[in-house]
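What follows is a set of notes on a single structure, which appears directly below.
Derivation of every value follows stated rules applied to the coordinates shown; laboratory data play no part. Computed from a predicted structure; not experimentally measured. Note that we place each Cβ from the backbone using ideal geometry, even for glycine, and neighbour counts take in every protein chain shown.
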Amino acid sequence: MTVHFIGAGPGAADLITVRGQRLIASSPVCLYAGALVPAELLEMCPQDARLVDTANLNLDEITAELVDAHAKGLDVARLHSGDPSVYSAMAEQMRRLDAAGVPYDVTPGVPAFAAAAATLKRELTVPGLGQTVVLTRTSARATPMPEGEDLGTLGRSRSTMVLHLAVQRVDEVVAELLPNYGPECPVAVVAYASRDNEIVLRGTLSDIAAQVHAAGIKRTAVIIVGQVLSATEFLDSHLYSVNRVRLS
């Protein structure tokens, strides 16, 4: 048997890979991340599948479910919202499965920041304006950030920045980014990206916090900061340039 870590996407049920859908349909056990995974995906599970909501389980309890399924010879679809390579807590589960001798694989998914960029109809890497995207978060009650990964340090490059798990601290985020990005830097906040209840806010560092508070956004949102959000005048990419030498 195998534990299949599957990126369930940002919220819309049809934003899942064909491979992910196939694995869900063939796994007799499914562990999923509560309200973060669309209910429609659970309908793809086999009719008699064991469904386990991990929202209120700790790591030991989750691991026990995975190890028990292995002992019974059952494949597991372990669903994580977005893409499991970012802020999914997959690493510590894999470490424990390694220790228990339980095999696993990983199927990527559509990350929340990609869904947010799609909603905004923006490319996050625009020629001449921004070619680097920083994915980060803030500490608050979560695991402390490593030394040198604070927003003040990361913001010195003025790269396009995407913040996960940070909307509850939007005032502190703005305060830490202002010295490097300036008050007129474009900002967007997308909550529940790709879902029916999606919320989109557009503004600058000078007014985005007030918009977030007014909208009552407290979770399931990404903050995107950078000049690429308002870019209209920029160089064409070299990729399709008439001056590019193309090898046959």
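Tell me which residues, restricted to the range 34-63, are in contact with a strand residue (DSSP E or B) (Cβ under 7 Å, 6 or more places away or on another chain) and under 19 Å from Asp196 (Cβ atoms).
Step one: of the range 34-63, the residues in contact with a strand residue (DSSP E or B) (Cβ under 7 Å, 6 or more places away or on another chain) are 34, 37, 41-42, 45, 49-54, 62.
The answer is Gly34, Val37, Leu41, Leu42.
Considering the range 1-43 alone, what residues qualify as being free of Cβ contacts under 8 Å to residues at least 40 places away in the same chain, under 21 Å from Thr220 (Cα atoms) and small (Gly, Ala, Ser)?
Ala13, Gly34, Ala35, Ala39 - these are the residues of the range 1-43 that are free of Cβ contacts under 8 Å to residues at least 40 places away in the same chain, under 21 Å from Thr220 (Cα atoms) and small (Gly, Ala, Ser).
For the range 154-180, name all the residues that are β-branched (Val, Ile, Thr) and farther than 22 Å from Leu129 by Cβ. Before you say what the answer is, go through the steps one by one.
In the first step, residues of the range 154-180 are kept if they are β-branched (Val, Ile, Thr); the result is 160, 162, 167, 170, 173-174.
Listed by number, the residues that qualify are Val167, Val170.
Within the range 133-152, can you find the residues that are under 17 Å from the mean Cα position of the chain (by Cα), surrounded by 12 or more Cβ atoms within 10 Å (Cβ to Cβ) and in a loop (DSSP other than H, G, I, E, B)?
Correct list: Thr138, Ser139.
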